[in-house]
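Accompanying notes for the structure given below.
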Amino acid sequence: MIERDEVAARKEDRKAWQLLEKTLLASVQEQRRSRRWGIFFKSLTFLYLIGALFLLSPLSNLEGASTAGKPHTALIEVRGTIADRQEASADNLVTSLRRAFKDEQTRAVVLRINSPGGSPVQAGYVYDEIKRLRSLHPDVPVYAVIADIGASGAYYIAAAADEIYADKASLVGSIGVTAAGFGFVETLDKLGIERRTYTAGEHKAFLDPFQPERADEREFWQGVLHTTHKQFIEQVRKGRGDRLKENPDLFSGLVWSGEQAVELGLVDGLSSASAVARDLVGVEEMVDFTHRESPFQRFSRQLGTSIGNTLAMHLGLAAPQLR
């Protein structure tokens with residue numbers, strides 16, 4: 001009996017040790033597993049911080065390619081809405097133009113345009129800067145090349161170029177001014193909501209969409225649009241000169257195909273940016289001088305301004321637009 005009890009006791013001890021051994025092994029494996037995951041997450045955090053630092057660094061906004069001292073045609077993209085804090089803002093385009101003209105190896109500047117228009121103020125800034133830089137660098141011509149669309153404010157900018165080219169199917173023109181909004185007066189009445197506005201100045205709230213429109217204020221606002229339109233027409237005539245063909249609809253806000261635009265004198269011919277560099281400039285090598293925002297700057301801008309700009313436009317609080 002004693003021997004049996006001893007054998008049973010040894011078996012129990014072995015089981016206990018085996019269980020303890022398994023527990024220790026499991027603990028070690030769990031620690032190893034936790035250590036691996038810890039290393040993984042630390043590495044991930046490190047990479048994230050490196051990426052964030054890169055986005056915030058000036059190195060993330062490197063512009064253009066190295067010219068290596070070779071003659072080249074400078075390319076500047078005019079893409080999207082022409083407005084403050086947008087990719088095609090006057091600040092960005094003027095910065096790009098100055099860099100391109102400053103480079104001693106630049107033989108010509110090509111503005112590759114793909115824009116429906118935008119702010120007349122921003123377009124006017126760019127127009128004036130092109131004219132100023134051309135006067136300082138008479139040997140560096142400026143060519144505008146319209147891709148899908150070069151309308152309104154975008155055409156305003158193009159008119160400052162020495163020559164304008166487009167594709168036969170490009171949309172060109174829309175020389176007009178617009179300012180749009182909504183009126184919610186009857187909606188408020190139906191909902192039983194009373195609008196209370198306090199102003200100093202008789203016409204301070206004349207663009208308020210929740211108040212009835214007044215004939216005198218509508219006439220005044222129409223005068224502002226007509227004045228802006230006259231300024232637009234004047235700059236186009238100054239830029240295009242006698243190349244424009246007389247047509248009663250030329251400045252009506254209509255848009256034409258590239259082929260029709262040639263007949264109207266709005267563009268000088270049908271071509272592409274690379275063809276202009278090759279055939280007109282004689283320097284096929286193109287260097288992109290377009291100002292580029294960093295991804296972080298782009299995200300911040302879109303998050304902070306796009307909603308506000310859209311609301312302002314739809315509530316009738318936006319400035320006139322060349323569209």
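The values are calculated or read from the model by the stated rules, or taken from the named source; none is laboratory data. These figures come from a predicted structure and were not determined experimentally. All Cβ positions, glycine included, derive from the backbone under ideal geometry; neighbour counts span all protein chains shown. Just so you know, the surface numbers come from the protein's heavy atoms only, side chains and all, with ligands and any DNA or RNA stripped out. Shrake-Rupley method; radii C 1.70, N 1.55, O 1.52, S 1.80 Å.
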**Prompt:** Quick check: anything in the range 187-203 touching a helix residue (DSSP H, G or I) at 6+ places or on another chain (Cβ under 7 Å), open to solvent by less than 40 Å² (accessible area, probe 1.4 Å) and not β-branched (Val, Ile, Thr)?
**Reply:** no
Apart from one, (1) open to solvent by 10 Å² or more (accessible area, probe 1.4 Å); (2) under 27 Å from Gly69 (Cβ atoms); (3) in a strand (DSSP E or B) all hold for Val283; the odd one out is (3)
Does Ser43 count as open to solvent by less than 70 Å² (accessible area, probe 1.4 Å), modelled with pLDDT under 70 and in a helix (DSSP H, G or I)?
-> yes
Pairs returned, first residue in the range 244-257 that is more than 21 Å from Ala169 (Cβ to Cβ), second residue that is open to solvent by 30 Å² or more (accessible area, probe 1.4 Å), beta-carbon separation under 6 angstrom, 6 or more apart or interchain, are Phe251/Ile233
Expected output for the range 137-162 (first residue on the phi < 0 side of the Ramachandran plot, partner in a loop (DSSP other than H, G, I, E, B) and small (Gly, Ala, Ser), Cβ below 6 Å, 6+ apart or cross-chain) is Val142/Ala161; Tyr143/Ala161; Ala144/Ala161; Ile146/Ser170; Ala151/Gly117; Ala151/Ser174; Gly153/Gly117; Ala154/Gly117
Out of (1) surrounded by fewer than 20 Cβ atoms within 10 Å (Cβ to Cβ); (2) within 19 Å of Ser252 (Cα to Cα); (3) hydrophobic (A, V, I, L, M, F, W, C), the one Ala147 does not meet is (2)
Pairs returned, first residue in the range 197-214 that is part of a loop (DSSP other than H, G, I, E, B), second residue that is of a type in the set (Gly, Ala, Ser), beta-carbon separation under 6 angstrom, 6 or more apart or interchain, are Thr197/Ala205; Thr199/Ala205; Leu207/Gly316; Pro209/Gly181; Pro209/Gly183; Pro209/Gly316
When you look at Ile146, is it over 16 Å from Phe232 (Cβ atoms), assigned to a strand (DSSP E or B) and in contact with a helix residue (DSSP H, G or I) (Cβ under 8 Å, 6 or more places away or on another chain), yes or no? yes
Scanning the range 114-139 for residues that are in contact with a Leu (Cβ under 8 Å, 6 or more places away or on another chain), of a type outside the set (Ser, Thr, Tyr) and in a loop (DSSP other than H, G, I, E, B) gives Gly117
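Just checking, which of Leu188, Leu171, Leu97 is free of Cβ contacts under 8 Å to residues at least 24 places away in the same chain, in contact with an Asp or Glu (Cβ under 8 Å, 6 or more places away or on another chain) and among the aliphatic types (A, V, I, L, M)? Break it down stepwise before answering.
Working: Leu171 fails: free of Cβ contacts under 8 Å to residues at least 24 places away in the same chain; Leu97 fails: free of Cβ contacts under 8 Å to residues at least 24 places away in the same chain.
Answer to the selection: Leu188.
Mind listing just one residue for me: the one in the range 212-236 that is among the polar types (S, T, N, Q) and open to solvent by 70 Å² or more (accessible area, probe 1.4 Å) and, of those, farthest from Leu250 (Cα to Cα)? Walk me through it before giving the result.
First pass over the range 212-236, keeping only residues among the polar types (S, T, N, Q): 222, 227-228, 231, 235.
Applying the additional criterion that residues be open to solvent by 70 Å² or more (accessible area, probe 1.4 Å) yields 222, 227, 231.
On the way: Gln222: 20, Thr227: 17, Gln231: 15 Å.
The qualifying residue farthest from Leu250 (Cα to Cα) is Gln222.
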Can you confirm whether Ala169 is part of a loop (DSSP other than H, G, I, E, B), at pLDDT 95 or above and farther than 30 Å from Gln105 by Cβ? yes
Checked against (1) at pLDDT 90 or above; (2) part of a helix (DSSP H, G or I), Trp256 satisfies every condition except (2)
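So which residues in the range 228-264 are of a type in the set (S, T, N, Q) and in contact with a helix residue (DSSP H, G or I) (Cβ under 8 Å, 6 or more places away or on another chain)?
Step one: of the range 228-264, the residues of a type in the set (S, T, N, Q) are 228, 231, 235, 247, 252, 257, 260.
Correct list: Thr228, Gln231, Gln235, Asn247.
In the range 68-113, which residues are part of a loop (DSSP other than H, G, I, E, B) and under 19 Å from Tyr143 (Cβ atoms)? Reasoning before the result, please.
Here is the first cut: in the range 68-113, the residues part of a loop (DSSP other than H, G, I, E, B) are 68-71, 80-81, 83-89, 103-105.
Selection gives Pro71, Ala88, Asp103, Gln105.
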Problem - Filter pass, Ala158 being in contact with a strand residue (DSSP E or B) (Cβ under 8 Å, 6 or more places away or on another chain) and buried (at least 19 other Cβ atoms within 10 Å of the Cβ) - result: yes
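In the range 172-186, which residue that is open to solvent by less than 50 Å² (accessible area, probe 1.4 Å) and of a type outside the set (Val, Ile, Thr) is nearest to Ala261 (Cα to Cα)? Reasoning before the result, please.
So the first thing to find is which residues in the range 172-186 are open to solvent by less than 50 Å² (accessible area, probe 1.4 Å), and the list is 172-177, 179, 181, 185.
Still in the running and of a type outside the set (Val, Ile, Thr): 173-174, 176, 179, 181.
Working: Gly173: 8, Ser174: 11, Gly176: 16, Ala179: 25, Gly181: 31 Å.
Applying the filter and picking the extreme gives Gly173.
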